[in-house]
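Notes follow once the structure below has been shown.
The values are calculated or read from the model by the stated rules, or taken from the named source; none is laboratory data. This one's a predicted model, so the numbers in the text were calculated from it and none came from an experiment. Cβ placement follows ideal geometry from the backbone for every residue including glycine, while neighbour counts extend to all protein chains displayed.
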């Protein structure tokens, strides 16, 4: 998502400083920006204060968008202790924002904070039920930045993303469900579903996600009040697989044993606050988004 937000900000005339340790992202995602005079890139890990502090000292940003996190169900479940290192990055960004008088912070949270929902659809003021390291770190991050807003007066926009997909996403085995399914289908491998496939997710194409995120960031009504970013229309994982089968008919769908942990059964967001406040919603449906992502893959812009 970060590279797409860089593109959007630059198209709006902003000067953009991108910081990434490339543990999830890849340099080719921003290679088209190498000659852009309003864009600077630093390979740094925000969890390490000394490196990120030098970036703040040199660039003196007015605004900060905090996207950095260890992501992916497989990656986070296999490395649970590593996930907690992201707490240091949250603390570092908050402290440097205070020191350098940043005007506003965006913290990208996740639907994972809700865990297995108590009710559907899930509204922003519903109970936190996240139990795994990734969700706990996101909950802590939200509360940390809210406390900084209260103590230091730095406004924070907190956005809870549902399943974002599209070009430049991690297409490896530790990636995300849409990208993993597409990669396997294009490679002639069967789509693997954990369990019966009845678990539901809300899918948002990446261009819609960054557009809605920027609108929320620029809207003061969202300051200090978390917002769900989703379509409000959930789909089962099995239906997702069948949607891909429509465009790649030869692909097979196989079921594997359900994951032992980290798999949420149902996820449907209440997006009333988003629609009312931003007067907008995602415009690209799942079939359209899948076709756009397939076009990206077929043009050789990702290694299959």
Residue 193 touching a helix residue (DSSP H, G or I) at 6+ places or on another chain (Cβ under 7 Å), under 30 Å from residue 11 (Cβ atoms) and outside any helix (DSSP H, G or I) = no
When residue 288 is evaluated against the numbered criteria (1) within 20 Å of the chain's Cα centre (by Cα); (2) surrounded by 13 or more Cβ atoms within 10 Å (Cβ to Cβ); (3) under 19 Å from residue 202 (Cα atoms), which criterion, by number, is the only one it fails?
-> (2)
Tell me, yes or no, whether segment 112-122 has at least one residue that is within 21 Å of residue 91 (Cβ to Cβ) and in a helix (DSSP H, G or I).
-> yes
What number of residues within segment 151-182 satisfy the criterion of being assigned to a helix (DSSP H, G or I), touching a residue at least 12 places away in the same chain (Cβ under 8 Å) and closer than 20 Å to residue 225 by Cβ?
-> 1
Listing of helices (runs of 4 or more DSSP H) fully contained in segment 1-103 that carry 3 or more residues being crowded, with 19+ Cβ neighbours inside 10 Å = 2-11, 73-78, 86-99
Within segment 218-242, the count of residues that are under 18 Å from residue 147 (Cα atoms) and within 16 Å of the chain's Cα centre (by Cα) comes to 2
Which listed residue, of 224, 230, is surrounded by 23 or more Cβ atoms within 10 Å (Cβ to Cβ) and at pLDDT 95 or above | 230
Given the conditions (1) in contact with a helix residue (DSSP H, G or I) (Cβ under 7 Å, 6 or more places away or on another chain); (2) over 20 Å from residue 126 (Cβ atoms), which single one is not true for residue 269?
-> (2)
Name, by its number, the condition in (1) modelled with pLDDT of 95 or more; (2) outside any strand (DSSP E or B) that does not hold for residue 185.
-> (1)
Out of all the residues in segment 259-270, is one or more in contact with a strand residue (DSSP E or B) (Cβ under 6 Å, 6 or more places away or on another chain), within 19 Å of residue 291 (Cα to Cα) and in contact (Cβ under 8 Å) with a residue 24 or more places away in the chain?
-> no
Only one of these conditions is not met by residue 250: (1) surrounded by fewer than 19 Cβ atoms within 10 Å (Cβ to Cβ); (2) modelled with pLDDT of 95 or more; (3) touching a helix residue (DSSP H, G or I) at 6+ places or on another chain (Cβ under 8 Å); (4) in a loop (DSSP other than H, G, I, E, B). Which number is it?
-> (3)
Can you name every residue in segment 216-244 that is within 21 Å of residue 292 (Cβ to Cβ), in contact with a helix residue (DSSP H, G or I) (Cβ under 8 Å, 6 or more places away or on another chain) and assigned to a helix (DSSP H, G or I)?
-> 237, 240, 241, 243, 244
Among (1) out of contact with any strand residue (DSSP E or B) (no Cβ under 9 Å at 6 or more places or on another chain); (2) in a loop (DSSP other than H, G, I, E, B); (3) at pLDDT 95 or above, which single condition is residue 275 missing?
-> (2)
Note: among 222, 254, just one is over 27 Å from residue 128 (Cα atoms) and in contact (Cβ under 8 Å) with a residue 40 or more places away in the chain, namely 254
Residue 176 being within 16 Å of the chain's Cα centre (by Cα) and at pLDDT 95 or above = no
Just to be sure, is residue 160 farther than 23 Å from residue 48 by Cα and touching a helix residue (DSSP H, G or I) at 6+ places or on another chain (Cβ under 7 Å)?
-> yes
